[in-house]
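Contents: one structure, followed by commentary.
The values are calculated or read from the model by the stated rules, or taken from the named source; none is laboratory data. Keep in mind the model is a prediction, meaning the values are calculated, not measured. Because the Cβ atoms are built from the backbone with ideal geometry, glycine has one as well, and the counts that use them run over all protein chains shown. Surface areas here come from the heavy atoms of the whole protein model, side chains and all, with no ligands, DNA or RNA. Shrake-Rupley method; radii C 1.70, N 1.55, O 1.52, S 1.80 Å.
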Amino acid sequence: MAPWLLAGELVLYAACFICGIITAASVTITQGEFAGRCMLYGAASYNATSTEFSVSSSSNASLCLFVSIISGLISIYCFFVVLYCIYASCVGGVQRGSVGVTLSLALAASFLFFLLISGCILNVGLNSLCQSITTAKDLKSCQDAQSENWSEPYKASHFYTSLHNAEVSAWVNFFFWVVALVLLIIQKKRGTQFTQLTGTGDPETDPIFHRPQ
């Protein structure tokens, strides 16, 4: 395998790490604004007398927890992969046999599946919440509700921004994993038994790690 494939894969893992952190943090922050309640697929009502929004219904907290855990676990995986590759390249090279590539392919496919579910949950869940908000009060957009008053103990001053960022990050993460999966498929088709990030690749100077001819 060409070194640029591994380098590109590492860049993608670093980007996926950042996207996962943004998604998990944004969902958690939104839960904090709503006193721990998960507002994906939730609903809000407006009290014209007190001129305040209030939460009329919310989803089970495990729904938001699912999205946060999936993004968090993927970020942890990406972090350790990047860390390992940097360390391995410093001490000689990054080894990956056919079994390693197959395992990476299986993990990438699993991550894509769960990211697809997370992205759909965030998209449909946010749209459902926004529909209830704009219906409760005549607002041009859901984002305008951030500047409205909310009843205690809710402090929803950034809920739309946070959930929107979480959704965008989830879909960007999904796209990056599609690219990573393509790179892994290329490696698998080439039948690479060893990938070296650094080194000359010359059999005389690198006698231990041998590329198939």
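Odds and ends about this structure:
- Packing, as the average of other Cβ atoms within 10 Å across residues, places the peptides 114-125, 19-30 in the order 19-30, 114-125, highest first.
- Each peptide in 156-164, 83-91 gets a packing score, the mean of other Cβ atoms within 10 Å over its residues, and the list from highest to lowest is 156-164, 83-91.
- For the stretch 39-44, Karplus couplings with θ = phi - 60° (6.51, -1.76, 1.60), whole Hz, Gly/Pro x: 8, 5, 6, x, 9, 10
- Extension gain (nm, one decimal) between Phe113 and Cys90, 0.36 nm per residue minus Cα-Cα: 4.9 nm
- Residue-span extension gain [Leu83 to Lys189] - 0.36 nm each, minus C-alpha spacing: 35.6 nm
- Here the Karplus relation 6.51 cos²θ - 1.76 cosθ + 1.60, evaluated at θ = phi - 60°, turns the backbone of the stretch 104-113 into coupling constants of 5, 5, 5, 5, 4, 5, 5, 4, 4, 4 Hz, with x for every Gly and Pro.
- Förster radius 22 Å - calculated FRET efficiency between Thr161 and Ala48, Cβ distance, rounded to 0.05: 0.30
- Carbon and sulfur %, accessible surface of the stretch 1-94 computed with the full protein complex present, 1.4 Å: 73
- Selection of trypsin sites (Lys or Arg not before Pro), the stretch 55-154, meeting DSSP coil and at most 13 other Cβ within 10 Å: Lys140
- Of Ser104, Ser147, Ser98, the residue with the largest accessible area leads and the full order is Ser147, Ser98, Ser104 (1.4 Å probe).
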